[in-house]
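The values are calculated or read from the model by the stated rules, or taken from the named source; none is laboratory data. In this text, all values refer to a predicted model and were calculated from it rather than measured experimentally. For neighbour counting, all protein chains shown are included, and Cβ atoms are generated from backbone atoms with ideal geometry for every residue, glycine included. SASA here: full protein model, heavy atoms, side chains in, ligands and nucleic acids out. Shrake-Rupley method; radii C 1.70, N 1.55, O 1.52, S 1.80 Å.
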Amino acid sequence: MYVAVYVDDVLLTGTDQSEIDQLKSFLHNKFRIKDPGKLHYFLGLEVLYKADGVIISQRKFLLDLLREYDYLEYSALVSPLDPNVKLRAKEGVLLADPNYYRMLVGKLNFLTNTRLDIAFSVQHLSQFMQDPREPHLKAAFHLLRYLKGDLTLGVFMSNDSDWSIKAYCDSDWAACPDTRKSVSGYVVLLGSSLISWKSKRQETVSLSSVEAEYRSLRKVVGELVWLKRLLTELTASCSSPFEVFCDSESALHIARNPVFHERTKHIEVDCRFVRQQLQDGLVSLHHIATNDQLADILTKALIGIKHSTVLSKLAVLLPPPT
């Protein structure tokens, strides 16, 4: 049995219903709890049950957000950000009330708990929180219009017995026009279910696209180390090595090459970490074509068709009509 607690909100699940009932009775005697029954709503997350799994979304939160900013009547857009617009830190007129922008981006960040499709956009807008300007706010409003198109979009969690773990990692070299730092992104799937994702600007400047890709590879391997420990703690049986897919053959070659040289001297710690997990059998590394790279959606703004195609492969979908 598992118990998840957040302040005064509690989730119970397990394989023995009588044991669950006993714990609920014990908690009620101690704290007088309310039992709403089967999970449908928790901390802003809505759960819709299907025969083959569940869809987790944030429909109500998103609806309230669009209503708060008066965007329910606007027409929808097909991509979170305009791929043709390049935002810079110091371009545009300063906002009279920067807290307006910060609050909006903060609420959008909460949506990334179920909306992988806006993770890159939100991390990009978050780079301008200190000194927001009119183009940044306009881009945030563009994102609201995109969200208007798919209010109930959510993450599908399958109930099949596939416990294999696959991960995809990618980077966009020197993507930030102000700092020339790269953007890393990765997704992790348990069977066909999306369980972890990240889009983040790298901490330091990478001197080459290979270096940027390798730093992205190190990030996802670090996530897999944590995930392995978590699954072991939950007594979940998952076999390793975990498959990691990267579209940079050079980065994969560095990971497998036991000899350090000038090209890897300044990222030796990253190299040793990834190589250690490779030698220990936690991960196996595989090359994948750029067109099949699922983490691409977390490193750059994609056009509408490609954006939708990647989402469909990641099992991010709409609930069926009721």
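Observations on the structure shown:
- Filter result (touching a strand residue (DSSP E or B) at 6+ places or on another chain (Cβ under 8 Å) and within 17 Å of T152 (Cβ to Cβ)) within segment 23-46: H40, Y41, F42, L45, E46
- A count restricted to segment 53-72 and to residues that are assigned to a loop (DSSP other than H, G, I, E, B) and either open to solvent by less than 40 Å² (accessible area, probe 1.4 Å) or out of contact with any helix residue (DSSP H, G or I) (no Cβ under 8 Å at 6 or more places or on another chain) (or both) stands at 4.
- Considering segment 89-114, the residues that are within 11 Å of the chain's Cα centre (by Cα) and without any contact (Cβ under 8 Å) to a residue 60 or more places away in the chain include one that is most open to solvent (accessible area, probe 1.4 Å), namely N109.
- Residue in segment 160-173 that is closer than 17 Å to T299 by Cα and open to solvent by 40 Å² or more (accessible area, probe 1.4 Å) present: yes
- For segment 278-295, a tally of residues being aliphatic (A, V, I, L, M) and farther than 14 Å from K166 by Cα returns 2.
- S126 being under 26 Å from S308 (Cβ atoms), of a type in the set (S, T, Y) and surrounded by 13 or more Cβ atoms within 10 Å (Cβ to Cβ): yes
- Residues in segment 7-33 that are assigned to a strand (DSSP E or B) and among the hydroxyl-bearing types (S, T, Y): T13 alone.
- V78 falls short on exactly one of the conditions (1) open to solvent by less than 60 Å² (accessible area, probe 1.4 Å); (2) over 28 Å from D160 (Cβ atoms); (3) of a type in the set (A, V, I, L, M), and that condition is (1).
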